[in-house]
Amino acid sequence: MKKAAVINDLSGFGKCSLTAAIPVLSVLGVQCCPLATAILTGQTGYPYYHCRDLTDMMKDYIDAWSKNDEQFDAVYSGFLNGPKQASLVMEFLTHFRKENTLLLVDPVMGDDGNVYKIYTPELLEGMKRLTADADLITPNLTEACLLTDTNPGEINACKSESQLLSFAEEIADKLRNRAERPQDVVITGVKCRDEDAPVICNVTATHRGITVNPSPFFDKSFSGTGDLLASVLCGCRLKGMPTEAAVELAGRFLSHSIADTVRENTPSAAGVAFETHLIELMECSRMEGTNDGKDSLCIQ
């Protein structure tokens, strides 16, 4: 069984981060080995929460896993609580990243043109180093702008769906061009609010070109959707599915899950009702896969 080291926070409520990655990777036939960067009573969208930072323990993970000679087919990095944690992820990679280890980085820093409370210029520099060395990155459009030194305010300056998607494609190309190795870029959750048929798109850039995958837009943000998408991509890539096909599968999975969540009138902070839709991911878990998960055309 393939193994993924997942570096992310653990939130008691919100269905995000590790509580999203563990079930998704498990149903895809990948062992999730969690390295917790912080423990929260609930994700930060709740009005009241407590957070215990685990930066000091990250070195303990590196030490123990190194001494136990643990090996990983993928390293998947998500929420990092500051620039020191970004540096520790780089240190983790020096111990555990081999030639065929897939590195997926979800550079959590902001959304909808705004930065999160954890954001600092130092964290951005750490994320730039991490993402430049990754095989696959999954920023939203705000984070993609930050990584390319583009003003996120330009997002709101786009006056049409076609202009917004062209802007996202341009930023995706910039990210691929700054990468230190061949890289797939997935810009997630691009909101196209066309009055007749609003959609939310994932823009994927690989050496094969750019694809845009639209899904119905419910005009409501839910906790954990980015984590679920990144987790699907990590698992599917390890099973040999190319990024474009994995994004398409993840989009269907999320769309069905969000539709159920909206029908149940679930609060945004509580996350999406994805559990009953995990079976939709089984088509990927049955794939033979490749040895490295880096690139394959064994689609569908």
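The values are calculated or read from the model by the stated rules, or taken from the named source; none is laboratory data. The structure displayed is predicted, hence computed values, not measured ones. Here Cβ is always computed from backbone atoms with ideal geometry, including for glycine, and neighbour counts include all displayed protein chains. Please note that ligands, DNA and RNA were not included when accessible areas were found on the heavy atoms of the full protein model with its side chains. Shrake-Rupley method; radii C 1.70, N 1.55, O 1.52, S 1.80 Å.
Before moving on, here are some points about what is shown:
- So residue 212, is it within 21 Å of residue 160 (Cβ to Cβ), assigned to a strand (DSSP E or B) and open to solvent by less than 20 Å² (accessible area, probe 1.4 Å): no
- Criterion violated by residue 159 - all others in (1) out of contact with any Pro (no Cβ under 8 Å at 6 or more places or on another chain); (2) crowded, with 17+ Cβ neighbours inside 10 Å; (3) not in a helix (DSSP H, G or I) satisfied: (2)
- Flag if residue 41 is under 25 Å from residue 91 (Cα atoms), over 16 Å from the mean Cα position of the chain (by Cα), modelled with pLDDT of 95 or more and hydroxyl-bearing (Ser, Thr, Tyr): no
- If the condition is being assigned to a loop (DSSP other than H, G, I, E, B), crowded, with 22+ Cβ neighbours inside 10 Å and either more than 15 Å from the chain's Cα centre (by Cα) or not β-branched (Val, Ile, Thr) (or both), then the range 128-143 contributes 134, 135, 139.
- Comparison of 17, 26 shows that the only residue that is on the phi > 0 side of the Ramachandran plot and at pLDDT 95 or above is 17.
- Only residues that are touching a strand residue (DSSP E or B) at 6+ places or on another chain (Cβ under 9 Å) and open to solvent by 80 Å² or more (accessible area, probe 1.4 Å) were counted in the range 113-127, giving 1.
- Among residues of the range 220-241 being among the small types (Gly, Ala, Ser) and in a helix (DSSP H, G or I), the one that is surrounded by the fewest Cβ atoms within 10 Å (Cβ to Cβ) is 226.
- Residues being buried (at least 20 other Cβ atoms within 10 Å of the Cβ) and of a type outside the set (S, T, N, Q) - total across the range 11-24: 7
- Subset of the range 142-154 that is closer than 28 Å to residue 197 by Cα and touching a helix residue (DSSP H, G or I) at 6+ places or on another chain (Cβ under 6 Å) - its residue that is modelled with the lowest pLDDT: 152
- Of all residues in the range 41-52, at least one satisfies being in contact with a strand residue (DSSP E or B) (Cβ under 9 Å, 6 or more places away or on another chain), more than 24 Å from residue 183 (Cα to Cα), surrounded by 17 or more Cβ atoms within 10 Å (Cβ to Cβ) and among the small types (Gly, Ala, Ser).
- Screening the range 91-112 for residues that are assigned to a helix (DSSP H, G or I) and over 14 Å from residue 35 (Cα atoms) and picking the one that is least open to solvent (accessible area, probe 1.4 Å) gives 95.
- Filter result (open to solvent by 20 Å² or more (accessible area, probe 1.4 Å), touching a residue at least 40 places away in the same chain (Cβ under 8 Å) and either in a loop (DSSP other than H, G, I, E, B) or farther than 24 Å from residue 79 by Cβ (or both)) within the range 180-206: 180, 181, 182
- Those residues of the range 207-233 which are free of Cβ contacts under 8 Å to residues at least 60 places away in the same chain and hydrophobic (A, V, I, L, M, F, W, C), in sequence order: 210, 212, 217, 218, 222
- Residue pairs meeting the criteria (Cβ under 7 Å; at least 6 apart or on separate chains; first closer than 19 Å to residue 232 by Cα, in the range 22-41; second modelled with pLDDT of 95 or more and hydroxyl-bearing (Ser, Thr, Tyr)): 24/231; 25/231; 32/26; 35/61
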